[in-house]
Amino acid sequence: MQKNIPDKTGHFGSFGGRFVPETLIYALNELEREYSEAKRDKNFRKELSGYLNEYAGRPTPLYLAGNLSRYLGIKKVYLKREDLLHTGAHKINNTLGQVILAKKMGKKRVIAETGAGQHGVATATVAALFGLECDIYMGQEDIQRQALNVLRMKLLGGRVIPVNSGTKTLKDAMTEALRDWVTNVRNTYYIIGTVAGPHPYPAMVRDFQSVIGKEARQQVLKKEKRLPDYLVACVGGGSNAMGLFYPFFKDRTVKMIGVEAAGLGLSSGKHSASLVGGAPGVLHGCKSDVLEDKFGQIANAHSVAAGLDYPGVGPEHAYYKEINRANYVAVNDKEALEGFKLLSEIEGIIPALESAHAIAYLRKSAKNIKKNSVVIVCLSGRGDKDLHESY
């Protein structure tokens, strides 16, 4: 098993790396250098920790979902409550880290891509906090189905730029954000929202999101005096899952399950399951598992959850799959909506549709999980934004 992931060139085994225009190499080298220094800077770590705790609301609870546990027939199902963070999702962990880095680099403008809108809201939030100009690229289809988050971004001072190319969703928003960055690298910092993109983004976003798993590990050891049997999280690009998984990477007894979006079904071709139903390819600057058509072009993705509607995945997830460190599965739109309603009705917690995929997996597969198991599910966000999808 590879000891240092990623290696110096940003590769996780055969995945990752940089596949970008030459005009971005300088910016990526600068970012890599600055982040490497920041990781060793006590003042940077102290500032980030302060904002995570006092502004974002960390640590988040590890909540024993007793009703859900009894319903599923599993001893203990814990929810890592990232939905309770400021802005309503785990995305704030990463945007705070990157905006402090942007400030350190002297950038006056930040840009981002967003699908479900949660990363866009988190980016607009930190831009407002630090007084930076903020532009957010969002597919026109996602603008329509995530109208609440669009309003939140605008209220926070962000400019939402509609993307009408391609499928008008997350993939196309990220493409446009990269084009913007190529043109404006001197004054602009691109806050990528997931563990994808060219090196050093996958490892950097993972590091910022690893606070999820670090806290969960400490909390479960305190509550149970042992490690969990299973970790379960939804996977689109994969930042909430990697944030939970990574601190448990060396704990071989802990099984990791990433839940992708099967959309209308894997056989329909209308899904977002890059790990379950895709193949290695290059998308948005890195090599990973992607969805391709018969001509080798990036295929359209589909999910009822806008945050999972992406035809690729972070390269570290592809690596985990390759070395059999994590298992990746998929649940469809109908099952995700059932999971959404289930948690709402029996725990009084309305999950994001993205997170509902993880709940749906447990509901679907509980019979295959040993009854005395301890399970941690990453509840990556809250579901206010998704209420219109469930009725």
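The values are calculated or read from the model by the stated rules, or taken from the named source; none is laboratory data. As the structure is a prediction and not an experimental result, all values here were calculated from the model. Neighbour counts are summed over all protein chains in view; Cβ atoms, including those assigned to glycine, are modelled from backbone coordinates with ideal geometry. Just the protein is used for accessible areas: all its heavy atoms, side chains included, with ligands, DNA and RNA removed. Shrake-Rupley method; radii C 1.70, N 1.55, O 1.52, S 1.80 Å.
Would the range 209-232 turn up any residue that is closer than 18 Å to residue 323 by Cβ and under 12 Å from the mean Cα position of the chain (by Cα)?
no
Would a scan of the range 256-265 turn up a residue that is in contact with a Lys or Arg (Cβ under 6 Å, 6 or more places away or on another chain), outside any strand (DSSP E or B) and surrounded by 22 or more Cβ atoms within 10 Å (Cβ to Cβ)?
Checking the range 256-265: not a single residue is in contact with a Lys or Arg (Cβ under 6 Å, 6 or more places away or on another chain), outside any strand (DSSP E or B) and surrounded by 22 or more Cβ atoms within 10 Å (Cβ to Cβ).
In the range 130-173, how many residues are out of contact with any Lys or Arg (no Cβ under 8 Å at 6 or more places or on another chain), surrounded by 15 or more Cβ atoms within 10 Å (Cβ to Cβ) and among the hydrophobic types (A, V, I, L, M, F, W, C)?
Selection size over the range 130-173: 9.
Among (1) crowded, with 24+ Cβ neighbours inside 10 Å; (2) part of a helix (DSSP H, G or I); (3) not β-branched (Val, Ile, Thr), there is one condition residue 176 misses while meeting the rest; what is its number?
(1)
Among the residues of the range 179-198, which ones are within 19 Å of residue 310 (Cβ to Cβ), crowded, with 21+ Cβ neighbours inside 10 Å and not aliphatic (A, V, I, L, M)?
190, 193, 194, 197, 198
Quick one: which helices (runs of 4 or more DSSP H) sit completely within the range 22-108 and have at least 2 residues that are open to solvent by less than 30 Å² (accessible area, probe 1.4 Å) and among the aliphatic types (A, V, I, L, M)? Spell out how you get there, then give the answer.
Values: elements: 25-40, 42-51, 66-72, 91-104.
Result: 25-40, 66-72, 91-104.
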